[in-house]
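Working notes, structure below.
The values are calculated or read from the model by the stated rules, or taken from the named source; none is laboratory data. Given the structure is predicted, the values throughout are model-derived calculations rather than measurements. Virtual Cβ from ideal backbone geometry, glycine too; neighbours counted across all protein chains shown.
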Amino acid sequence: MAVIDILLLLIFGGVAYCVAGEGAWGAAITAICVILGGLFSMNFFEPICDSMLVSNYYWQARLDLIVLVGLFGAAVAGLRAGADYLSPSYISVHRMVHECARWGCGVLAGYVTMAFLLTALHTAPLGREFMGFKSERGNFFGMAPDRQWLGFMQWTSERVFSKWPKRIFDGPEKIMGEPGAVTNTVWPSFPIRYASRREIGAGASAAASQGPAVKQVAPQKTGGPAF
């Protein structure tokens, strides 16, 4: 059992317990806010980071994680505050419905939060592999919630939130094979892009600590706002 799996389990259980304590109505609102806040932050963090002129590599390597988690926290807090303002009272339901709803929504909010934070770890300025975390591995006991969240984000940007001109969250397009014979022309690269950046960054840091400083360049990003 990897250390990262234990930490994710603690986050999952802690968030689920806290959200379930808000009751059926509050837990449902929080779960929706977590999902919308995650979609919002994933959609805008790369364009925001690209627009910020940061020449220092130390902050370049950390900017993605700071902006991504910061947007998520601000979006969830803002949506929750807005929901409380629009609906300050709770709706009473049958006790059995209350228990099922509060724990169901609590588990949903906990799982989405855990999946989002695991996805955010891809952008962390750490080594390519750390605490058992691997981009190619099914993290969290083989369930790979980070890939589930990325798949959900990809699906919403391609279908639900797409507009004209169409812009996909992680969508470099390339046609392989005979035109018309291949239906999938979008090739997402989020995990491998950030895994490569962590590997390059870790190697450059090791080289800098052992010898003359070397120039480090931030990776090119392909993502953009999808809605």
Item to check | Answer residue from the range 145-154, given it is under 15 Å from Ile192 (Cα atoms) and surrounded by fewer than 22 Cβ atoms within 10 Å (Cβ to Cβ) and is nearest to the chain's Cα centre (by Cα) among those | outcome: Leu150
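Which residues, counting only those in the range 125-144, are among the polar types (S, T, N, Q) and either surrounded by fewer than 16 Cβ atoms within 10 Å (Cβ to Cβ) or in contact with an Asp or Glu (Cβ under 7 Å, 6 or more places away or on another chain) (or both)? Give the steps one after another, and end with the answer.
Here is the first cut: in the range 125-144, the residues among the polar types (S, T, N, Q) are 135, 139.
If the condition is that a residue be among the polar types (S, T, N, Q) and either surrounded by fewer than 16 Cβ atoms within 10 Å (Cβ to Cβ) or in contact with an Asp or Glu (Cβ under 7 Å, 6 or more places away or on another chain) (or both), then Asn139 is the only one that fits.
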Item to check | Scan of the range 56-81 for residues that are at pLDDT 90 or above and in a loop (DSSP other than H, G, I, E, B), ordered by number | outcome: none
Item to check | Members of the range 87-98 that are assigned to a helix (DSSP H, G or I) and surrounded by fewer than 14 Cβ atoms within 10 Å (Cβ to Cβ) | outcome: Arg95, Met96, Val97
Next on the checklist: Considering only the range 146-166, I want to know if a residue exists there that is at pLDDT 85 or above and among the small types (Gly, Ala, Ser).
Outcome noted: yes
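Anything in the range 61-73 that is more than 17 Å from Met114 (Cα to Cα) and surrounded by fewer than 17 Cβ atoms within 10 Å (Cβ to Cβ)? List them, or say none. Spell out how you get there, then give the answer.
If we filter the range 61-73 for residues that are more than 17 Å from Met114 (Cα to Cα), which is where we start, we get 61-64, 67.
Within the range 61-73, Arg62 is the sole residue that qualifies.
Hey, does the range 48-55 have a residue that's small (Gly, Ala, Ser), surrounded by fewer than 19 Cβ atoms within 10 Å (Cβ to Cβ) and not in a helix (DSSP H, G or I)? Even if it seems obvious, please write down each step before you answer.
If we filter the range 48-55 for residues that are small (Gly, Ala, Ser), which is where we start, we get 51, 55.
Filter once more, keeping what is surrounded by fewer than 19 Cβ atoms within 10 Å (Cβ to Cβ): 51, 55.
Checking which are not in a helix (DSSP H, G or I) leaves us with 55.
The answer is yes; a qualifying residue exists.
Kindly indicate whether Asp84 is charged (D, E, K, R), more than 12 Å from the chain's Cα centre (by Cα), in a helix (DSSP H, G or I) and modelled with pLDDT under 90.
Considered against the rule, which asks whether it is charged (D, E, K, R), more than 12 Å from the chain's Cα centre (by Cα), in a helix (DSSP H, G or I) and modelled with pLDDT under 90, Asp84 comes out as no.
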